[in-house]
1. Can you tell me how many residues in the stretch A:243-275 are surrounded by fewer than 17 Cβ atoms within 10 Å (Cβ to Cβ) and within 27 Å of B:V258 (Cα to Cα)?
2. Cβ contacts < 6 Å: first residue open to solvent by less than 10 Å² (accessible area, probe 1.4 Å), restricted to the stretch B:146-157; second residue assigned to a loop (DSSP other than H, G, I, E, B), any location; separation 6+ or different chain. Result?
3. Conditions: (1) part of a strand (DSSP E or B); (2) in contact with a Lys or Arg (Cβ under 8 Å, 6 or more places away or on another chain); (3) under 22 Å from B:T227 (Cβ atoms). A:D200 meets all but one. Number of the miss?
4. Got a sec? Which of B:D177, B:D129 is assigned to a loop (DSSP other than H, G, I, E, B) and either charged (D, E, K, R) or open to solvent by less than 20 Å² (accessible area, probe 1.4 Å) (or both)?
5. Would you say B:R58 is within 11 Å of chain A (Cβ to nearest Cβ), modelled with pLDDT of 95 or more, open to solvent by 10 Å² or more (accessible area, probe 1.4 Å) and under 29 Å from B:V154 (Cα atoms)?
6. Quick check, is B:V163 surrounded by fewer than 15 Cβ atoms within 10 Å (Cβ to Cβ) and of a type in the set (A, V, I, L, M, F, W, C)?
7. For B:G231, indicate whether it is at positive phi and either free of Cβ contacts under 8 Å to residues at least 40 places away in the same chain or under 17 Å from the mean Cα position of the chain (by Cα) (or both).
Protein chains: 2
Amino acid sequence: MALDDNWFTEPDRDIAMSLRITKKLHEEQTPYQKIEIFETTGFGNLMVIDGFVMLTGRDNFIYHEMMSHPVLYSHNAPKNVVIIGGGDCGTLREVLKHDEVEKATQVDIDERVTRLSEQYFPELCDANDDPRAELLFDDGIQYIKDAEPGSIDVIIVDSTDPVGPAEGLFSADFYRDCVKALGSDGLLVQQSESPLLHTDSILRPMHDSMRMTGFIDALTMHFPQPTYPSGWWTCTIASRDAPVSFLREEAAEEIPFVTHYYNAAIHRAAGATPEFFRRKLFA
Amino acid sequence: MALDDNWFTEPDRDIAMSLRITKKLHEEQTPYQKIEIFETTGFGNLMVIDGFVMLTGRDNFIYHEMMSHPVLYSHNAPKNVVIIGGGDCGTLREVLKHDEVEKATQVDIDERVTRLSEQYFPELCDANDDPRAELLFDDGIQYIKDAEPGSIDVIIVDSTDPVGPAEGLFSADFYRDCVKALGSDGLLVQQSESPLLHTDSILRPMHDSMRMTGFIDALTMHFPQPTYPSGWWTCTIASRDAPVSFLREEAAEEIPFVTHYYNAAIHRAAGATPEFFRRKLFA
């Protein structure tokens, strides 16, 4: 059957995901991108940037928890955290659930993403007034290049796909600047697309780049993300000094805040590597 | 954008998955269901039954491996295996990779599924001539009801969704018959739909039914399945006598055949329970 205008569709080359919508709530062209907000029948509100699904109210919890808690529980003392991108503030909210975080800086180039998130996804923005939070609207690549060497514990790259404005966030130059900006035992985590669709084109080159630019270890963590292409997504954690497999076990077993996807068992599970992926990356 | 006729779409209530197709290779109405086969641009051949995606050449490996290897490595000596449904023969092929399996009986009601799989998915049928394989085209519910008590080590329910012909495979009566047919330490595994979409409607009632009908433990295992609704799928293993968490560690660490998704780490990982799922099932 063909889908009528009551659906929003994001077509990838060979596979497409559609959500049934009731109305378009907003549309604007910013200096950087086109942002649309829809109301859906079953997935809450939907934010779309340049035709790509950014998040829905229903399933963003998986992505935002997996972009924040694994990397923070893998670092011994994550005090200074920088989020590159992440303008919807969902990752920032999860980061600020960690009492040991003393400062969380979000650097998104497009302020309109944040303003629209405040309006249409207010639940993601309820930590924006936390005194530890700093929201900058600026170029994340330049921010990392200018950062004081050794000053950041965890860098979270919560970006759009590696085409257009976010392309530079997947480059060797950027990773080199990250290594320099990170303190000892510093960690980087980056959203790293779909293992089914992007292992050859993105994940393998990313692992190679991370290792070439000074990270000593990298681990891809897998999780479901139903409204992203293929429904199967990853983040990749890269480490400056220690193996990524480290986990603060006791802390992760007794999480003092509410999560909906993440827990210590999920943390360990997400790092398990499917056979085809292991062969493509490490054979 | 709307999708034109070059896409096959399976709409769920709120979310839809589409595959780009080049042509329809076959269509027939059997006494049981309507079967269609398409050629896709990026996912190999596609089999559709009554409008629902059954499998594609590209991603069926995840489902078939997860329907067979976890349950077989969780049983101490899986000699006699019965597959209910599974007419495409992909699960049968994986089961027969295990040397310790002495007999594998596939009971699908519709012989045409198997004949079309032989034609359009020959790679799934390359174990059909194994002397340990028996292919029956019959009612699986009746087969289990008539089975000699205590005669089966592992029952694999590889069925369509719990609407229409497969509905009885999700009933308490069927589970009671399974418990009777299983030998000591016997295991049942059943495809159990999407945690995002079907936890309240299917997964929780299934767990309740399994425990009410004589199984002492049940564990839902999670895996990606990009062409099923939400891209996130599960199977649920139920045990007659022992905890499901048992794994033949040494055997699973040294798998003597090729897999593309499954390995021992994936086995342990698949059983990790997301927080929202734990609260819905066990709180």
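The values are calculated or read from the model by the stated rules, or taken from the named source; none is laboratory data. The shown structure was predicted, so the numbers you read here are calculated from the model rather than taken from an experiment. Because the Cβ atoms are built from the backbone with ideal geometry, glycine has one as well, and the counts that use them run over all protein chains shown. The protein model used for the area step is the full one, side chains on, heavy atoms only, and it has no ligands, DNA or RNA in it. Shrake-Rupley method; radii C 1.70, N 1.55, O 1.52, S 1.80 Å.
1. Total meeting the criteria: 1.
2. B:V154/B:H75; B:V154/B:P78
3. (1)
4. Numbers: B:D177 fails: assigned to a loop (DSSP other than H, G, I, E, B).
The match here is B:D129.
5. Details: within 11 Å of chain A (Cβ to nearest Cβ): yes; modelled with pLDDT of 95 or more: yes; open to solvent by 10 Å² or more (accessible area, probe 1.4 Å): yes; under 29 Å from B:V154 (Cα atoms): yes.
Judged against the criteria, B:R58 is a match.
6. On the way: surrounded by fewer than 15 Cβ atoms within 10 Å (Cβ to Cβ): yes; of a type in the set (A, V, I, L, M, F, W, C): yes.
Taking the combined requirement at face value, the residue satisfies it.
7. Numbers: at positive phi: yes; either free of Cβ contacts under 8 Å to residues at least 40 places away in the same chain or under 17 Å from the mean Cα position of the chain (by Cα) (or both): yes.
When the stated conditions are applied, B:G231 passes them.
Here's the yes/no breakdown for (1) buried (at least 24 other Cβ atoms within 10 Å of the Cβ); (2) closer than 25 Å to B:G271 by Cβ:
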position: B:S68; (1), (2): yes, yes
position: B:S74; (1), (2): yes, yes
position: B:G86; (1), (2): yes, yes
position: B:H98; (1), (2): no, yes
position: B:C125; (1), (2): no, no
